[in-house]
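Note sheet for the following structure.
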Amino acid sequence: MKTESLWFIFLNASLINNFVLAYFLGICPFLGVSGKLSTAFRMGMAVIFVMLISSMAAYGIHAFLIWVDAPFLQLISYIVVIASTVQLVEMFIKRFSPSLFKALGIFLPLITTNCAILGLALFQTNKGYNFIESFVFALGAGIGFTLALVLMAGLREKLDFAEIPLIAKGVALTLLVGGILSLTFMGFAGLGG
Amino acid sequence: MESKPKGKLAGFFHFPQGDGLSTDEFIKGLWRENPVLVQVLGMCPTLAVTNSAINAMAMGLATLFVLVMSNILVSSLRNVIPKQVRIATYILIIATFVTVADYVIQAISLDVHKALGAFIPLIVVNCIILGRAEAFASKNGVWASFMDGLGMGVGFTFALLLLGFIREILGSGSLFGISLFADSFQDWVIMILPSGGFFALAGWLLLFNGLKLRKKQAQPEQTREEVLI
């Protein structure tokens with residue numbers, strides 16, 4: 001029973017209610033970093049890592065804020081934790097993989113303003129998940145994000161070789177592809193709530 | 001999120017501190033540097049909450065409020081905030097105003113608050129607000145920043161309403177909850193679903209791209225080949 005519900009949370013976050021394609025969270029990197037497959041994959045990995053850490057931290061903070069009875073500080077403290085986690089990841093990547101650091105460029109610090117991460121922290125609080133459920137939820141959301149990003153990057157790499165009408169070049173085309181991808185993911189909707 | 005060059009008009013006429021300058025700060029956000037339609041920033045709320053016109057308007061106004069207030073505070077504190085921790089400070093300022101907006105919306109209309117859900121707290125991570133704080137308010141005076149925030153906020157609301165109108169009219173056959181068509185109208189359910197957001201915004205961008213292209217082609221000094229490249 002317990003494992004089943006955990007499995008369901010995971011599936012729900014990664015496929016059925018995919019953060020990018022069903023909740024519209026993290027659209028900025030979805031449109032911005034999805035030009036190349038390898039960059040997209042690494043970006044996804046960085047996001048999964050930040051998501052796991054900030055989800056665990058958010059769980060602790062929420063418990064603490066309930067204890068001191070100051071729920072209005074929730075938003076501010078979440079964003080501070082996320083910003084510091086991103087800073088940590090940035091230093092880590094800069095030290096161990098300078099090439100990846102260059103490839104991600106401005107989008108690395110911008111993980112802070114990735115709605116998917118703050119959204120994850122808020123959703124897990126709203127849904128009242130316990131610690132393990134939060135962790136699984138974060139893992140599912142991160143994997144779902146990476147999946148959407150990688151699928152998109154694969155499609156866009158193919159589209160580079162296609163002849164595209166002039167007016168559709170750029171963001172408009174990316175949005176159209178995103179819309180079709182989102183339609184595809186609606187096929188998972190029957191799997192659960 | 002690099003700093004955008006200031007409006008051409010402002011640089012050309014070079015008003016020291018005239019009213020013309022701040023009017024230009026206001027106008028540029030509406031159209032020439034429209035945050036959604038031109039800069040393509042703040043996509044998450046743009047796509048997520050525009051499934052009806054009323055939601056679009058509430059989100060637009062809330063963002064307008066936060067944008068103006070944070071621009072004012074950031075620009076008045078711009079000489080006090082140390083450079084190394086500026087981004088963190090901006091985020092804290094923004095988060096404070098978002099918390100205010102969250103509670104105010106909850107007090108005014110519980111229905112709208114429920115419909116917007118997690119997207120009100122998520123205004124914190126709307127790139128437009130941090131972008132304007134970093135690119136404009138940290139370098140300009142209070143009055144100019146106020147006008148800039150107002151212009152960008154109104155431009156954002158305008159873009160959201162464009163999307164909200166089209167999605168509500170096609171998706172539920174109504175506008176602001178008032179039914180528009182006869183019963184025989186078949187709702188385009190897809191327009192209120194997530195993928196409809198992508199398609200509606202793509203449609204607007206295609207339209208504006210087409211208009212821009214046509215304008216370019218009408219210019220005599222530019223040959224057709226140049227435009228096509």
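Values quoted throughout were computed directly from the atomic coordinates according to the rules given, and no laboratory measurement underlies them. All of these numbers come straight from a predicted model, not from anything done at the bench. FYI the Cβ positions are ideal-geometry reconstructions off the backbone, even for glycines, and counts take in every protein chain you see.
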Could you give the size of the charge dipole of region B:90-208 about its Cα centre, using +1 on the Cβ of each K and R and -1 on the Cβ of each D and E, expressed in debye and rounded to the nearest 20?
280 debye
Computed over chain A: longest principal axis from alpha-carbon atoms vs helix A:115-127 long axis, angle to nearest 10 degrees, is 40 degrees
Which Cys residues of the protein assembly as shown have no other Cys beta carbon under 4.7 Å away?
A:28, B:127
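Per 0.36 nm of contour for each residue apart, how much would the distance between residue A:94 and residue A:127 grow if the chain were fully extended, relative to their Cα-Cα spacing?
Working: separation 33, 0.36 × 33 = 11.88 nm, distance 3.55 nm.
Full-extension gain reported as 8.3 nm.
Given a cut-off of 19 Å, name the pairs among A:36/B:212; A:158/B:212; A:127/B:114; A:36/A:169 whose C-alpha atoms lie farther apart than that in the structure shown.
Working: A:36/B:212 28 Å; A:158/B:212 27 Å; A:127/B:114 14 Å; A:36/A:169 17 Å.
Exceeds cut-off: A:36/B:212; A:158/B:212.
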Phi-derived 3J(HN,Hα) across region B:178-193 with the Karplus relation (6.51, -1.76, 1.60, θ = phi - 60°), rounded Hz, x for Gly and Pro, is 9, 5, 9, 10, 6, 4, 6, 5, 8, 4, 8, 4, 4, 5, 8, 7
What distance in nm lies between label points placed 7 Å from Cα along the C-beta direction at residue B:30 and residue A:38?
4.8 nm
When the Karplus curve 6.51 cos²θ - 1.76 cosθ + 1.60 is applied with θ = phi - 60°, which whole-Hz ³J(HN,Hα) does each residue of region A:61-69 get, with x for Gly and Pro?
4, 4, 4, 5, 5, 5, 5, 8, 6
Stretch gain in nm, segment residue A:8-residue A:84, where the contour uses 0.36 nm per residue and the Cα spacing is subtracted
24.3 nm
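Enumerate the helices in chain B for which the Kyte-Doolittle hydropathy averages -0.5 or more and the C-alpha atoms extend at least 27 Å along the helix's axis, using complete DSSP H runs. Walk me through the numbers on the way to the answer.
Values: long enough: B:53-76 (34 Å, 1.75); B:86-108 (33 Å, 1.62); B:142-172 (43 Å, 1.35); B:194-218 (37 Å, 0.34).
Helices meeting the criterion: B:53-76, B:86-108, B:142-172, B:194-218.
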Taking Cα atoms, the helix A:131-159 axis meets the longest principal axis of chain A at an angle in degrees (rounded to 10) of 10 degrees
Compute the whole-percent fraction of alpha carbon pairs in the protein assembly as shown spaced more than 33 Å apart.
34 percent
Taking the Cα centre of region A:1-146 as the origin, how large is its charge dipole in debye, to the nearest 20, when only Lys and Arg (+1) and Asp and Glu (-1) carry charge on their Cβ atoms?
480 debye
Euclidean distance of C-alpha centroids, region B:45-73 and region A:1-54, integer Å
25 Å
Alpha-carbon centroids, region B:187-217 and region A:64-105: separation in whole Å:
35 Å
Residue B:175 long-range amide H proximity, modeled H, under 5 Å
B:180
Candidates A:151, A:21, A:73: whichever shows maximal mean-square fluctuation once chain A is modelled as a Gaussian network with Cα springs under 10 Å
A:73
Enumerate the amide H contacts of residue A:20 below 5 Å, restricted to partners 5 or more residues apart or on another chain; note that Pro and chain-start residues carry no placed amide H.
A:25
Viscosity 0.890 mPa s, temperature 25 °C: give me the Stokes-Einstein translational D for chain A in µm²/s, with Rh taken as the Kirkwood radius over C-alpha pairs.
141 µm²/s
Measuring from label point to label point, each 7 Å out along Cα→Cβ, what is the residue B:188 to residue B:54 span in nm?
2.3 nm
So for region A:33-185, averaging the separation of alpha carbon pairs under 8 Å that are six or more residues apart and normalising by length, what relative contact order in percent results?
40 percent
With x for Gly and Pro, the residue-by-residue ³J(HN,Hα) of region A:172-177, computed from phi through the Karplus equation 6.51 cos²θ - 1.76 cosθ + 1.60 at θ = phi - 60° and given in whole Hz, is 4, 5, 4, 5, 4, 4
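So, R0 is 22 Å and r is the distance between the beta-carbons of residue B:108 and residue B:142; what FRET efficiency does that work out to, to 0.05?
Values: r = 28 Å, r/R0 = 1.26.
The calculated FRET efficiency here is 0.20.
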Between B:38, B:74, B:66, find the one with the highest GNM mean-square fluctuation for chain B; connect C-alpha pairs within less than 10 Å.
B:38
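Would you mind calculating the relative contact order of chain B from Cα pairs under 8 angstrom and at least 6 residues apart, reporting the percent as a whole number? Don't jump to the answer; show the numbers that get you there.
On the way: 286 pairs, mean separation 69.6, N = 229.
Taking the mean separation of contacting Cα pairs over the length of chain B, I get 30 percent.
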Let's see if you can work this out: charge +1 on each Lys and Arg Cβ, -1 on each Asp and Glu Cβ, no other charges. What is the dipole magnitude of chain B about its Cα centre, in debye to the nearest 20?
600 debye
In whole Å, what is the distance between the alpha-carbon centres of region B:80-129 and region A:148-193?
30 Å
Positive end of the dipole of region A:33-185, charges at C-beta (+1 Lys, Arg; -1 Asp, Glu), about the Cα centre: which of A:37, A:183, A:136 has its Cα farthest in that direction?
A:37
